[in-house]
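Since the structure comes first, as structure tokens, the remarks are kept for the end.
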Amino acid sequence: MTIIAELALDFADSGDAVPVRLFAPEKPERSWVCRYEAANPIDHCLDVHGETSLQALALAIKALSAALYGSAAYRSGKLGLYGQFGGYPGIPAPNVFLDEAPYPF
């Protein structure tokens with residue numbers, strides 16, 4: 001798998017970076033698959049399927065965004081970017097998170 005986008009988020013409790021990675025869409029069988037991974041404390045990865053590579057990529061970005069904004073680390077204000085916690089983690093939020101995240105898709 002080829003990484004096409006990567007981000008290192010800050011985690012307030014440990015001071016460690018939280019790697020977040022998005023991989024290039026691949027077509028192993030009938031549908032396209034785009035994978036994302038978010039390390040601890042989010043600890044979430046998913047293979048997102050689409051009819052086209054672009055659809056799989058767009059859906060994976062939205063799913064990754066939902067995983068970040070919906071995580072306990074973000075909701076408790078412990079996840080951030082460039083030392084700023086509880087704000088914008090570098091990816092737009094799905095509309096469902098507008099109460100918590102000011103940067104929608």
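Readers should treat all values here as calculations from the given coordinates under stated rules, not as data from a laboratory. Everything numeric in this text was worked out from a predicted model, so none of it was measured. Methodologically, a virtual Cβ is constructed for each residue, glycine included, from the backbone with ideal geometry; neighbour enumeration extends over all protein chains shown.
With r defined as the distance between the Cβ atoms of residue 52 and residue 6 and R0 fixed at 30 Å, what FRET efficiency is calculated, to the nearest 0.05? That pair, residue 52 with residue 6, gives E of 0.80. Can you compute the label reach from residue 16? Point 7 Å from Cα along the Cβ direction, backbone N cut-off under 15 Å, restricted to the range 59-76. Label zone hits: 73.
Taking every alpha-carbon pair under 8 Å whose residues sit at least 6 apart, the chain reaches a relative contact order of 20 percent. Counted residue by residue at 0.36 nm each, then reduced by the alpha carbon distance between them, the extension gain from residue 66 to residue 26 reaches 12.2 nm.
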